[in-house]
Ligand code: ADP
């Protein structure tokens with residue numbers, strides 16, 4: 001700050017830009033960052049596991065979302081602290097890479113931060129803590145590999161895949177129907193999977209929902225559904241062996257794009273123009289018929305006169321179909337999207353064994369099913385449910401289940417859930433700590449303690465005594481040398497997760513540990529926070 005005088009001798013103060021910013025340095029910075037990260041983790045902690053709670057989020061325009069999916073909760077929370085944003089990204093990167101375990105990764109990162117805070121207070125340098133965490137995460141990831149199991153599945157033996165998807169779904173609102181939804185998810189993934197290349201293109205699975213019916217009515221359709229109906233109520237509702245023209249060009253007489261002036265001063269001229277337009281459209285319809293199309297699906301609309309004409313000429317059509325849907329229809333039916341009407345040829349038509357319109361409920365609510373497609377590798381999961389929020393949450397839960405099935409096809413190793421893998425890693429990391437002579441061993445032990453946070457949260461959320469339950473399970477694991485002992489959240493009567501069929505994918509669990517460690521290391525290395533001040 002400096003005092004200066006203007007031309008008239010009046011004093012004023014010069015503030016340098018730096019001083020207008022609020023600034024935190026050193027240990028204060030680290031502590032405030034850790035506090036922010038912990039706060040986020042605390043929010044998600046109660047949502048973890050089969051007995052976890054759901055959250056309601058209201059958007060500024062009043063829409064509400066009910067979910068227990070970590071990535072969704074954080075995305076909607078609209079946080080503005082820098083470190084909190086890092087945690088949001090952490091959960092999202094788990095979502096992009098793996099698709100499941102988004103709550104667990106944040107809980108783990110929160111626990112690591114909590115342990116780091118204690119070490120910092122004891123005077124250990126943050127970089128040493130970060131290094132210790134890095135070593136410990138390596139040990140844990142290797143140990144996971146060691147306790148993982150491979151299982152075999154095939155097109156006829158999908159039970160193991162279904163069981164793993166059921167573990168994912170058991171913590172969601174939809175757990176009432178977890179068996180049927182898990183089967184749907186696995187069948188969908190297997191329908192589009194390339195088992196030789198061990199790859200699954202999830203884009204080929206479309207998830208569609210419609211309010212009404214029951215969750216049990218959710219079905220898998222080997223084909224595409226679009227939320228549209230035939231453009232005219234008198235068009236046929238069912239077309240066998242359809243040849244489909246997929247148009248992204250306007251299906252009506254051309255409209256001038258620039259300003260034109262057409263002088264129409266007599267009735268005859270008007271009549272001629274009208275007939276010309278009609279003929280033009282008539283020719284278009286004829287062209288479709290000539291190439292053999294029995295159904296036209298257009299991205300654009302056409303007017304009522306054209307609609308009437310299409311009905312008269314017996315060429316069913318669907319209008320206003322979205323771009324994404326058109327692409328899926330093209331993939332499924334083996335057709336080509338036609339962007340210029342002149343280019344329509346027989347080879348470009350898509351083929352489907354059956355196209356039918358199905359109505360729901362009592363209102364004008366119809367959907368179009370395109371089934372028995374030429375390329376059967378595009379499927380749709382059609383969700384029914386009582387209200388929009390239920391459908392949205394079911395979509396998210398099915399997405400998680402699809403990701404789990406995909407991960408298993410990529411790599412068929414699993415570890416057991418219910419916190420058992422974390423407890424086993426914690427024991428292994430604790431044992432490894434003794435081998436490191438330096439200060440890092442404190443950080444390695446802290447990592448082992450942080451791993452216990454996941455089973456503790458699971459126990460707490462299920463109404464069990466966290467510390468008692470954890471110590472009992474841990475000693476059982478050591479005594480029986482059984483890495484499958486976890487928290488019996490559902491009170492089934494056994495701690496053995498193998499008997500309870502609670503699995504998680506190995507790559508998902510490894511990714512959780514790696515990502516959580518990475519973010520915590522990043523947060524620990526920040527010792528200066530410069531941000532614009534409040535005023
Ligand atoms: P995330 O978004 O991280 O997947 P979830 O809320 O789905 O979080 O909870 C997953 C955790 O719940 C995992 O640690 C998993 O092992 C555990 N879990 C799921 N089902 C059971 C069960 N039936 N018994 C015990 N633990 C379970």
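In this structure, residue 55 qualifies as within 13 Å of the ligand (Cβ to nearest atom) and in contact with a strand residue (DSSP E or B) (Cβ under 7 Å, 6 or more places away or on another chain).
Of 348, 364, which residue is at pLDDT 90 or above and assigned by TED's automatic domain parsing to the domain that holds residue 317? Every option except 348 fails the conditions. Going by the conditions given, is residue 492 farther than 22 Å from residue 100 by Cα, buried (at least 24 other Cβ atoms within 10 Å of the Cβ) and touching a helix residue (DSSP H, G or I) at 6+ places or on another chain (Cβ under 9 Å)? In short, no. Of all residues in the range 181-194, those that are touching a helix residue (DSSP H, G or I) at 6+ places or on another chain (Cβ under 7 Å) and surrounded by fewer than 17 Cβ atoms within 10 Å (Cβ to Cβ) total 0. In the condition set (1) surrounded by 22 or more Cβ atoms within 10 Å (Cβ to Cβ); (2) at pLDDT 90 or above; (3) in contact with a helix residue (DSSP H, G or I) (Cβ under 8 Å, 6 or more places away or on another chain), residue 380 is compliant with all but (3).
Give the residues of the range 150-176 that are closer than 29 Å to residue 450 by Cα and away from the ligand (no atom under 15 Å from the Cβ), sorted by residue number. Answer for the range 150-176, where residues must be closer than 29 Å to residue 450 by Cα and away from the ligand (no atom under 15 Å from the Cβ): just 150. Candidates in the range 154-174 are the residues that are assigned to a helix (DSSP H, G or I) and under 18 Å from the mean Cα position of the chain (by Cα); of these, the one that is nearest to residue 332 (Cα to Cα) is 165.
The residue list 414, 370 contains one member that is in contact with a strand residue (DSSP E or B) (Cβ under 6 Å, 6 or more places away or on another chain), closer than 30 Å to residue 196 by Cα and within 16 Å of the ligand (Cβ to nearest atom), which is 414.
Against the numbered list (1) surrounded by fewer than 16 Cβ atoms within 10 Å (Cβ to Cβ); (2) in the same structural domain as residue 354 (by TED's automatic domain parsing), residue 228 comes up short only at (1). In a residue-by-residue description of the range 488-505, the property of being assigned to a helix (DSSP H, G or I), touching a strand residue (DSSP E or B) at 6+ places or on another chain (Cβ under 9 Å) and either within 11 Å of the ligand (Cβ to nearest atom) or outside the structural domain of residue 105 (by TED's automatic domain parsing) (or both) applies to at least one position.
Report whether or not residue 258 is part of a helix (DSSP H, G or I) and out of contact with any helix residue (DSSP H, G or I) (no Cβ under 9 Å at 6 or more places or on another chain).
no
Just one of (1) touching a strand residue (DSSP E or B) at 6+ places or on another chain (Cβ under 9 Å); (2) at pLDDT 90 or above; (3) part of a helix (DSSP H, G or I) fails for residue 297. It is (3). Among the residues of the range 431-457, how many are surrounded by 20 or more Cβ atoms within 10 Å (Cβ to Cβ) and more than 16 Å from the ligand (Cβ to nearest atom)? The total comes to 9. Exactly one residue out of 477, 510 is in a helix (DSSP H, G or I), buried (at least 20 other Cβ atoms within 10 Å of the Cβ) and over 33 Å from the mean Cα position of the chain (by Cα), and it is 477. Each residue in the range 265-286 was checked for being assigned to a helix (DSSP H, G or I), farther than 13 Å from residue 254 by Cα and more than 48 Å from the chain's Cα centre (by Cα), and 7 of them qualify. Please verify whether the range 506-518 includes one or more residues that are more than 10 Å from the ligand (Cβ to nearest atom), on the phi > 0 side of the Ramachandran plot and either assigned by TED's automatic domain parsing to the domain that holds residue 42 or modelled with pLDDT under 90 (or both). Looking for residues that are more than 10 Å from the ligand (Cβ to nearest atom), on the phi > 0 side of the Ramachandran plot and either assigned by TED's automatic domain parsing to the domain that holds residue 42 or modelled with pLDDT under 90 (or both), one finds none in the range 506-518, hence no. Can you tell me which residue within the range 49-65, out of those that are over 25 Å from residue 453 (Cα atoms) and touching a residue at least 24 places away in the same chain (Cβ under 8 Å), is surrounded by the fewest Cβ atoms within 10 Å (Cβ to Cβ)? The qualifying residue surrounded by the fewest Cβ atoms within 10 Å (Cβ to Cβ) is 64.
Conditions (1) outside the structural domain of residue 510 (by TED's automatic domain parsing); (2) at pLDDT 85 or above; (3) within 30 Å of residue 169 (Cα to Cα), marked per residue:
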site	(1), (2), (3)
11	yes, no, no
34	no, yes, no
71	no, yes, yes
88	no, yes, yes
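Only one entry of 421, 428 meets the criterion of being in contact with a helix residue (DSSP H, G or I) (Cβ under 9 Å, 6 or more places away or on another chain), closer than 28 Å to residue 494 by Cα and within 16 Å of the ligand (Cβ to nearest atom), and that entry is 421. Residues that are within 8 Å of the ligand (Cβ to nearest atom) and either in contact (Cβ under 8 Å) with a residue 60 or more places away in the chain or farther than 17 Å from residue 46 by Cβ (or both) within the range 68-93 comprise 68, 69, listed in sequence order. Within the range 129-161, the set of residues being assigned by TED's automatic domain parsing to the domain that holds residue 509, surrounded by 15 or more Cβ atoms within 10 Å (Cβ to Cβ) and free of Cβ contacts under 8 Å to residues at least 40 places away in the same chain comprises just one member, 138. For the range 513-535, a tally of residues being in a loop (DSSP other than H, G, I, E, B) and in contact (Cβ under 8 Å) with a residue 40 or more places away in the chain returns 5.
The values are calculated or read from the model by the stated rules, or taken from the named source; none is laboratory data. Note that the structure is predicted; figures quoted are calculated from it, not measured. For neighbour counting, all protein chains shown are included, and Cβ atoms are generated from backbone atoms with ideal geometry for every residue, glycine included.
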